[in-house]
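Heads up, the thing below is written out as structure tokens.
Throughout, read-outs are computed from the coordinates displayed, never taken from laboratory work. This is a predicted model, so every value here is computed, not measured. We place every Cβ from the backbone using ideal geometry, glycine too, and count neighbours over all the protein chains shown.
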Amino acid sequence: MPPSPRAGIIDSQSVKTNEARGPRGYDACEKILGRKRHAVVNTERRDCALLAHPPRAGP
């Protein structure tokens with residue numbers, strides 16, 4: 001049996017969007033009006049979790 005992955009990598013990204021595609025917010029650090037998305041992948045590059053939401057206002 002192959003060994004199972006033992007680590008995961010978490011990353012986030014601010015993405016520009018328009019209001020027609022759902023809720024959005026302002027990311028003050030990146031100066032982008034849109035959504036924030038987060039991804040978790042394991043060491044075999046397989047998606048474990050994906051989440052998109054409006055960013056919180058402020059730093």
Expected vector for the stretch 22-35, Karplus 3J(HN,Hα) from phi with 6.51, -1.76, 1.60 and θ = phi - 60°, integer Hz, x for Gly and Pro, equals x, x, 9, x, 10, 9, 5, 5, 8, 6, 10, 9, x, 10
Where in the stretch 4-18 is the amide nitrogen less than 20 Å from a point lying 7 Å along the Cα-to-Cβ axis of Cys48? 4-13
